[in-house]
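Right, one structure below, let's go through it.
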Protein chains: 2
Amino acid sequence: MHKRKIGLVRVLTVKDKELLESHGKSIESHFSDLSIITRCIPDQSKGIYDKESEKAAIRKVIDLGLKFEEEVGVRAIIVSCAADPGVVALKEQLNTPIIGAGSAVASLSLVYSNKVGVLGIGDRTPQTIKEILGSCLVAESKPYGVKTTLDLMKKEAKKSSLIATKQLKQRGAKVIALACTGFSSIGIAQELESEVGIPVLDPVLAAGLFAWYLAKKRFGV
Amino acid sequence: MHKRKIGLVRVLTVKDKELLESHGKSIESHFSDLSIITRCIPDQSKGIYDKESEKAAIRKVIDLGLKFEEEVGVRAIIVSCAADPGVVALKEQLNTPIIGAGSAVASLSLVYSNKVGVLGIGDRTPQTIKEILGSCLVAESKPYGVKTTLDLMKKEAKKSSLIATKQLKQRGAKVIALACTGFSSIGIAQELESEVGIPVLDPVLAAGLFAWYLAKKRFGV
């Protein structure tokens, strides 16, 4: 089978190859005709977790996006971060379609329901997600004790994510958008969905869905 | 190949088999592992084109949705109308995932850009689409002389659709969401996209994408 190449930018500086490629592998396991090439930004070992770290990441994400278009011949580029850093700027500069994981999961959630709960890691839901959800954003939360994407890898994070998800449902959410791709790294969406009983959407897989569609649409089926 | 069955509800009463099944055929041509079963509501030979005709259609759409779940064993149901009639009520009553063509095309457009232009046929953009797009809805229009979905089948409709789409682009739209599935019946999205130079999204294919994803996700890959 001829596989379509998709570029993926991680906003967490990762040296471990398995961890680096985990988002790409997750997408490939669901969309078997895609081949994901991953790169990460330098010098952000805690990823994006506040205004400063987001600002620092944007230029680096744009650089990687431009390199993908120059070098690799990818059919779409995913920015694997729920804050969509650099996505708007890259859309203006590139011919290749760009997909932010934040706008992807927000958009996908609106197909399920007009009552969306957002589970993030920051004090605020990322602006892009807020803008897309508008009045359909009915509740926001974060797991207790989590401040950066690395905290999601700690043992207690699963339990506190489950508690926060249940609270979002109690507050009226009919679908949950996970607003940090660290949730994808620990592969928690399916588990939360089974426990809580409403759809829980993984931002990396949402981005994968749209990358698959855009790559397919643009170059013919 | 084992094909997944998807139910599709037309809100235009159609006797001609080819016309009736045109939305389903369009989806099948893009998603070859889906098999679409189409039914149409009775006694609405002009479809939905104002408040009254929408109100009349809602109960009929719900009836067809309930019959699909009872009889056919479909994995998702598409309501092939940009106004999403009956979609919220069906979501509450059924276990099978329901996709409205209006919410689907609106959601998909947000992955492309936060500046969406809507081309409809009514005096107003359908409420569901407005709600999903929120502040991302930058311009609305309709083709001159078109009042019902049947008018889109007339010769002059293509030209007036093109003019209206160009105006939406001039008013700042970076992507166009077609807000009537009559545009799908005449298969105009690709032509508009080529002429105007920005993505033009077909509501039936947008619904097809999400039906494909939901059917796949729910029952394993």
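For residue B:205, are the conditions met, namely being part of a helix (DSSP H, G or I), touching a His at 6+ places or on another chain (Cβ under 9 Å) and either open to solvent by 10 Å² or more (accessible area, probe 1.4 Å) or more than 14 Å from chain A (Cβ to nearest Cβ) (or both)? It is true that residue B:205 is part of a helix (DSSP H, G or I), touching a His at 6+ places or on another chain (Cβ under 9 Å) and either open to solvent by 10 Å² or more (accessible area, probe 1.4 Å) or more than 14 Å from chain A (Cβ to nearest Cβ) (or both).
Looking for whichever is under 22 Å from residue B:53 (Cα atoms), open to solvent by less than 10 Å² (accessible area, probe 1.4 Å) and modelled with pLDDT of 95 or more here; the options are B:129, B:176. Which one fits? On inspection, the qualifying residue turns out to be B:129. Every condition in (1) open to solvent by less than 10 Å² (accessible area, probe 1.4 Å); (2) in a strand (DSSP E or B); (3) not small (Gly, Ala, Ser) holds for residue B:68 except the one numbered (2). Of the residues contained in segment A:104-118, one or more are found to be more than 12 Å from chain B (Cβ to nearest Cβ), more than 25 Å from residue A:52 (Cβ to Cβ) and either assigned to a strand (DSSP E or B) or open to solvent by 40 Å² or more (accessible area, probe 1.4 Å) (or both). State yes or no: is residue B:210 assigned by TED's automatic domain parsing to the domain that holds residue B:27 and closer than 23 Å to residue B:115 by Cα? Against the criterion (assigned by TED's automatic domain parsing to the domain that holds residue B:27 and closer than 23 Å to residue B:115 by Cα), residue B:210 qualifies. Checking every residue in segment A:41-62 against the condition of being touching a Lys or Arg at 6+ places or on another chain (Cβ under 8 Å), modelled with pLDDT under 95, over 20 Å from residue A:215 (Cα atoms) and part of a helix (DSSP H, G or I) gives at least one match. Of the residues A:184, A:194, the single one that is more than 9 Å from chain B (Cβ to nearest Cβ) and open to solvent by 20 Å² or more (accessible area, probe 1.4 Å) is A:194.
Restricted to segment B:92-103, and to residues there that are open to solvent by less than 20 Å² (accessible area, probe 1.4 Å) and of a type outside the set (A, V, I, L, M), the residue that is nearest to the other protein chains (Cβ to nearest Cβ) is B:103. The number of residues in segment B:124-141 that are small (Gly, Ala, Ser) and within 11 Å of chain A (Cβ to nearest Cβ) comes to 2.
Residue A:13 falls short on exactly one of the conditions (1) among the β-branched types (Val, Ile, Thr); (2) out of contact with any strand residue (DSSP E or B) (no Cβ under 6 Å at 6 or more places or on another chain); (3) open to solvent by 20 Å² or more (accessible area, probe 1.4 Å), and that condition is (2). Checked against the criterion of being more than 14 Å from every other protein chain (Cβ to nearest Cβ) and open to solvent by 30 Å² or more (accessible area, probe 1.4 Å), segment A:73-85 contains one or more residues that satisfy it. Taking the numbered list (1) surrounded by fewer than 24 Cβ atoms within 10 Å (Cβ to Cβ); (2) of a type in the set (A, V, I, L, M, F, W, C); (3) free of Cβ contacts under 8 Å to residues at least 40 places away in the same chain; (4) within 14 Å of chain B (Cβ to nearest Cβ) in turn, residue A:37 passes all entries but (4).
If I ask for residues that are without any contact (Cβ under 8 Å) to a residue 24 or more places away in the chain and either aromatic (Phe, Trp, Tyr) or not in a helix (DSSP H, G or I) (or both), which ones from segment B:141-159 would you list?
B:142, B:144, B:145, B:154, B:155, B:156
The numbered conditions (1) closer than 22 Å to residue B:97 by Cα; (2) of a type in the set (Asp, Glu); (3) over 15 Å from the mean Cα position of the chain (by Cα) are all true for residue B:21 except (3). Residue B:121 satisfies every condition listed in (1) open to solvent by less than 30 Å² (accessible area, probe 1.4 Å); (2) touching a residue at least 12 places away in the same chain (Cβ under 8 Å); (3) within 14 Å of chain A (Cβ to nearest Cβ) except (3).
The values are calculated or read from the model by the stated rules, or taken from the named source; none is laboratory data. Remember, it's a predicted structure, so these values are computed and weren't measured experimentally. No Cβ is skipped: glycine too gets one built from the backbone with ideal geometry, and neighbour counts run over all protein chains shown. Just the protein is used for accessible areas: all its heavy atoms, side chains included, with ligands, DNA and RNA removed. Shrake-Rupley method; radii C 1.70, N 1.55, O 1.52, S 1.80 Å.
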